[in-house]
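What follows is a set of notes on a single structure, which appears directly below.
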Amino acid sequence: MKQRAIFLNGLTALYCGQRLLEADLQVGKIVAILCIHLIFYLSSQMIQNPKVAKTLIIVDLVYLGSLVGVGYILLIVPLVLALMEYSCFKRGWLENVVLIMIGVSMILIGYKEILANWFIYGILIVTSLSTYWDKMKLVQLTKENTELMGKVSNLGRALEHTKKEKREMAYITKVTERNQLAQKLHDKMGHLLAGNVMQLEAIKLILVKDQTKGLELLNRVIEGLRDGMEEIRFTLKDLKPATSENGLTQVKEILEDFKEKSGITSDLLYKGDLASVGLEVWFAIHENLKETLTNFMKYSSANQFEVRIEVMHQVIKVVFKDNGVVKQPVGHGLGLIGIEERTLGIGGKIIVNTENGFETIMLIKR
C-alpha cells in the first residue's frame, strides 16, 4: 500500500513538473520545488514512528499550501494527496476543522485549473481516495488484530489459572484421602494389633503350663488377624470409590445446595459409561455447572433446572437447561468466558442456546 502511495506521488510530481515546464519556469527551480516536497513525503512513509511521520506530513502541507498561495496552482494535486495522507492519522476535532478549511480554500483558489484539466485531476483524486480507503481499512484491521491478540493473551492466562486451580484441587484431594486413610488404618489396625499382641504375650505364658490350651488360643489369634486383614481390605476399598461416583456426588451436592438457596428443583439424568469420565472433565463439569446456575438466576425466569450427562462413543455431552424465558440478551461476560475457557482446556467446545430458556451444552472429545 505504501508503494502505491509513493508511486502515485511520483506520478503527480512528474505531471506537475511537465506543467511547470510549459509555464516557462526554470528547470532548477522546478526540480527544487518538487524535490523538497518529495523529501518530506518519502521521509514520512519510511519512518515508523507515527508522531514523527505526522509531523513531516504537516510540514509538507504547510510547504505546498504556501506555494499554492503564492501562485503555484498546479501543486494543488500533491497538496490533495498530502491531505489524504494526513487524514489517515489520529486527529482531534480542531484538526478536522482545519482540514475542511484547507479543502475549501483549495477549491476556491484553484477551481479554474481544476475545471480546465478535470480529467487528469479526477483520475488522480479517485486514485488517492482509493489509497486513502485502503489505508483506513488497514488501520481498522490492525486495531482488530490487536484486540484479538489481547483476547488470546487473556485466554492463555485464564487457561493457566484453570490448570493451577486443577493442580491445587488434585493436591487437596490427595491430602484429604491420605488423612482419611491414615485415620482409618489407625482405628482398625491399632486396635487389632494391640489386642493380638496382648493375647500372644498371654499365650507365651500359657504354653509353658498347658500346651493344648495355648494352641487353641493361638488359633483364635490367627483367625482374628485374618478377619482384621479382611476388614482392612474392605476399608481401603470404601475409601477409594469410583471416579464416576465422586463426580456424580458433587453434581448432586451442587444441585442440592442450589435448591436450598433458590427453592428451585433440579433433575439429574445420565447414561453411558460414566466410569470413563476423567477427573479433569468432572472438574470442568462442576465449575461450569456453578457458573451456569449463576447465569440461570441472572437471565432466566424459570422454576425447573435440568442436568443431562451422556457419554457416547466419541463425545461426552453435558447439558444444563431450564424451562424459563430469557429476560434480556445474554452478554459475553466473565461467567460465559470462564465456561468457554474451562471447556477449551479439556479439548471441548461450548454452545449457548437461548431460544427455549437458557441452555448450555458442553461437547467434549473422549
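The values are calculated or read from the model by the stated rules, or taken from the named source; none is laboratory data. Since we're looking at a predicted model, the values are computed, not measured. Using ideal geometry, Cβ is built from the backbone for each residue, glycine included, and neighbour counts are taken over all protein chains shown. For the accessible areas, the whole protein counts, side chains as well, though only heavy atoms, and no ligand, DNA or RNA atoms are used. Shrake-Rupley method; radii C 1.70, N 1.55, O 1.52, S 1.80 Å.
Would the range 264-277 turn up any residue that is at pLDDT below 85, over 19 Å from HIS161 (Cβ atoms), in contact with a helix residue (DSSP H, G or I) (Cβ under 7 Å, 6 or more places away or on another chain) and small (Gly, Ala, Ser)?
The answer is yes; a qualifying residue exists.
Of everything in the range 244-263, what is at pLDDT 85 or above and either among the aromatic types (Phe, Trp, Tyr) or in a loop (DSSP other than H, G, I, E, B) (or both)? Give them in sequence order.
PHE258
Can you go through GLU280, GLU287 and tell me which one is in a helix (DSSP H, G or I), open to solvent by 50 Å² or more (accessible area, probe 1.4 Å) and either at pLDDT 85 or above or not aromatic (Phe, Trp, Tyr) (or both)? Working first, answer last.
Details: GLU287 fails: open to solvent by 50 Å² or more (accessible area, probe 1.4 Å).
Only one candidate qualifies: GLU280.
Filter the range 66-93 for residues that are closer than 16 Å to SER105 by Cβ and either in contact with a Pro (Cβ under 7 Å, 6 or more places away or on another chain) or at pLDDT 80 or above (or both) and give the result.
SER66, LEU67
Being modelled with pLDDT of 85 or more, under 25 Å from GLY156 (Cα atoms) and among the small types (Gly, Ala, Ser) is true for just one of GLY335, GLY331, GLY348. Which residue is that?
Working: GLY335 fails: modelled with pLDDT of 85 or more; GLY331 fails: modelled with pLDDT of 85 or more.
Residue meeting the stated conditions: GLY348.
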